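One structure below.
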Amino acid sequence: MLTISGDQFLFNNRPFRILSGAMHYFRVPPENWADRLRKLQAMGLNTVETYVAWNLHEPRPGEFHFEGILALERYLNLAAEIGLKAIVRPGPYICSEWDFGGLPAWLLQDPAMRVRCAYPPYLAAVDRFFAELLPRLAPLQASRGGPVIAVQVENEYGSYGNDKTYLRHLETTLRAHGIDVLLFTSDGPEDRMLQFGTLPHILKTVNFGSHAREAFAKLREYQPEGPLMCGEFWNGWFDHWGEAHHQRPAEDAAAALAEILSLGASVNLYMFHGGTNFGLMSGANEAPYPNYQATVTSYDDDAPLNEAGDPTPKYFALREVLRQYTPIPSAIEIAASAPRLALGKVALTETVGFFELLDHADSEPAFATPVASPTPEPMETFGFNTAFILYRTRLAPRSRTAEAGTAERLTLRGLHDRAQIFINGKEIGVLERELHQDNLEVKIPPGGAQLDILVENMGRVNYGPNLTDRKGITGGEGGAGGVLLGQQMLFDWQIYAPTLENISALPYRLLEAEAAAFSTPEPPGPAFYRGSFTVVEQPADTFLALPGWTKGIAWINGFCLGRYWSRGPQQTLYIPAVLLRQGMNWLTIFELHQAGSSAGHPTVDLLAQEILA
C-alpha cells in the first residue's frame, strides 16, 4: 500500500517513486489496451493513470454503463496482470479536453444548475454516480491486493473555484464508499490554485510542462513536507480546429523530465498515449472569454505513443531519461509499428438528404421528432444531447408591395456553436461562435419563407469559469430572447434534435441519377453519404482522408469516428483495425456542405499514414 514517510513515498514500507503515464481507457479500443500498457511498461514506467468519464458511464440519469470501452474494472485488472500499478482520477470533473470536462450534459436541463460546488442538485447527481462507481473501484485498491495506489479528489479545482465544503463532501463520499488508499489533488503551481484546490491534510501535486524547480518551490510554500510529484507533466499538447498542430521537440521534453527526476520527484506523463475522442466527445476552450475554440477529434497530443499506438522519437528520448533512474529489463521488447492498410479511394454511392429526413420525421426509426416551442431554447432545455439541433419557423412577407422581396438582418443571440441558415431549403450563410458572428442579412421572398437554422454542437467548454456551456441558441447574456429579425423577436418554433445513433437504418438511395450534382458549383447541402469497401486480408489500422469535403462526421460500420473539417489541422481520422471486418465494410459520412467528388461520385481515401498537420 502507498504511504508517505517524510519527503518520500513508500510502497509496502519500501521507498517508491511513482513513474506514471496517463492513458484513458475510454479513448482506446479495449482490444488495444494490453499492447499500449505493455509499451508503457517497456518505456520504464511503473504506473498507469486514468480519468473516469462520468458522461459516458451515466449518459442518462440513473442509466450506468461499464462494458466494452467503458469496462474500467477490466482495464485496471489488465494493468495489474501486466505488472503495473494504477492511479484513478474519478472527478467528477476531469477537464481532459473532453466534452463538459466529463460532466454529463443532462445536468444542464436544470436552468439553475451550478457545477463543481455544493449546489444540492449537483451533489445529489455526483453522489448517485459515486455510489455506482466507487464500489467497483474499492476492491481494486492496493490495500486489498489490487493495482490502485492513489485516487484524486476532484481535478485542478483551484483553477475553478474555492468551495471547501464541496471538496470535503467529495473526500467524505470517497471514504464512505471504501476508498482507503492515498488521496491527492493536482493543481497548477500558482498561489490561487494551491490555496483553493485542495484541503490541508490531502497530498498536493502540481501540473506543469517545464521549469520544475520553480514549480516545486511554489508547492513547498503550501506543502513544506511530503513527496514532490508532478501530477501532470505536459510533454505534448492538444489541438484546436484552425490552429497549427502542436509538436514539442523530443529533446526538449526529455530535458524537462530529467529536471523533474533530478529533484527526486515522482511524475505522471500527460499524456503517455492520448488515443482518440471517438463519438463526438471532444471538448472546447473559452479562455480568455469569449474566444471559443473547439478541440479536434484526434487526441494524439504529441505524446510518446502516437494516436495509433506507435512509439515516437519522444518515446525513446524519454525512455533514455527514465533508464537513468529505474531499471528497464532488457527482455522487454518494444513492438514495431503495426501494419497499415492503404486501400485508396472509396466511392460513396448512396445518399439521403438531411431535410428529406426531417420531412419524414414520423418514419421508423424516427430521425427527429419536432417539439413546439414559443422560443428557440438550448437543446438541454428539452433533454437533448445531440450533435445538432434545428430551429424552424415561418417568416411572413415584410412588405405587401415589394415584388422582389425585402432584406432584413437576422440575429442569433447566444449562438453555441455554428449555425447554417436556410431560406426555403437553400443555405444563405454560416455564423460561427468562434469568429464572434451572430447576424447576417436575409432576403424574404414576397410570399414569405421557411427559415431553418441548423446549429452544430462543436463540444462543450471543458475548462475555466464558463463550464455551463449550453448548446444551440441560448439567448445570450441573461437568456434575453433567441432570434431577432430586425428588432422583432421571432416566436412559434418547431425544434428538431436529429438522432445519429442508427444511421444504418436511414432510407438511402443510389446516387447514379444525381451524379451531375457533384460537378456543379452549387453545394447540395447537408446530406448523408454511404459506400462500401472490401478488406481482403487481415484487417489493419487505416486513416480516413476526405479531400474536397468540407465539414461533418464519419462512421465506420456504424461506429462514430468523429468530426472532420477542412479547416484542419487534422486531415485524417484514425480507423483502428478492430473496427474493420474481413470482407465488406460500410463507411458513412454526414457532410454539412460540399462533398468531395471524383468522376461524379463523392469519394474518400483510406491511407496508411495519419495527417495531423
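Listing for the model above:
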{"read-out": "Dipole in debye (nearest 20) - the range 369-496, about Cα centre, beta carbon charges: Lys, Arg +1; Asp, Glu -1", "value": "260"}
{"read-out": "Within the range 67-153, GluC sites (Glu not before Pro) in DSSP loop having at most 10 other beta-carbon neighbours inside 10 Å", "value": "E67"}
{"read-out": "J(HN,Hα) series, the range 575-582, from Karplus relation 6.51 cos²θ - 1.76 cosθ + 1.60, nearest Hz, glycine and proline x", "value": "10, x, 4, 5, 8, 9, 10, 5"}
{"read-out": "Relative contact order for the chain, counting Cα pairs under 8 Å that sit 6 or more residues apart, in percent", "value": "14"}
{"read-out": "Above-threshold pairs, the threshold being 20 Å between Cα atoms, out of K218/K314; K443/K551; K39/K314", "value": "K218/K314; K443/K551"}
{"read-out": "Highest to lowest packing among 559-568, 258-267, scored as the average C-beta count within 10 Å", "value": "559-568, 258-267"}
{"read-out": "Interchain or long-range residues, amide H under 5 Å from G429's placed H", "value": "I421"}
{"read-out": "Whole-Hz couplings from phi, Karplus 6.51/-1.76/1.60, listed for the range 439-444; x for Gly and Pro", "value": "8, 7, 8, 10, 10, 9"}
{"read-out": "Dipole magnitude (debye, nearest 20) for the range 1-83, charges at Cβ of Lys, Arg, Asp, Glu", "value": "300"}
{"read-out": "Selection from W33, Q109, P15, by position along the positive dipole direction of the range 1-116 (Cβ)", "value": "P15"}
{"read-out": "Qualifying trypsin sites (Lys or Arg not before Pro) for the range 399-452 [loop in DSSP, other Cβ within 10 Å: at most 13]", "value": "R400"}
{"read-out": "Cα convex hull of the chain, projected area averaged across orientations, nm²", "value": "27.8"}
{"read-out": "The range 235-391 - percent relative contact order, Cα under 8 Å, separation 6 or more", "value": "20"}
{"read-out": "Angle in degrees between helix 250-262 and the longest Cα principal axis of the chain, rounded to the nearest 10", "value": "40"}
{"read-out": "Euclidean distance of C-alpha centroids, the range 124-191 and the range 212-258, integer Å", "value": "23"}
{"read-out": "Cross-link partners of K471 among aspartates and glutamates (Cα-Cα below 15 Å; sequence separation of 8 or more within a chain)", "value": "D99, D110, E286, E377, E380, D417, E432, E434, D438, E456"}
{"read-out": "Helix 120-137 axis, angle to the chain major axis (alpha carbon atoms, nearest 10°)", "value": "60"}
{"read-out": "Helix-only CD estimate at 222 nm, as mean residue ellipticity for the chain, using -39500 (n - 2.57) per DSSP H run (n ≥ 4)", "value": "-5000 deg cm²/dmol"}
{"read-out": "Whole-Hz couplings from phi, Karplus 6.51/-1.76/1.60, listed for the range 157-168; x for Gly and Pro", "value": "5, x, 6, 10, x, 9, 8, 5, 4, 5, 5, 5"}
{"read-out": "G231 long-range amide H proximity, modeled H, under 5 Å", "value": "V206, N207"}
{"read-out": "Rounded tilt (10° steps) of 72-82 against the dominant C-alpha axis of the chain", "value": "40"}
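Readers should treat all values here as calculations from the given coordinates under stated rules, not as data from a laboratory. Note that the coordinates shown come from a computational prediction; the quantities given were computed from them, not determined experimentally. Every residue, glycine as well, gets a Cβ built from its backbone with ideal geometry; the counts of neighbours run over all protein chains shown.
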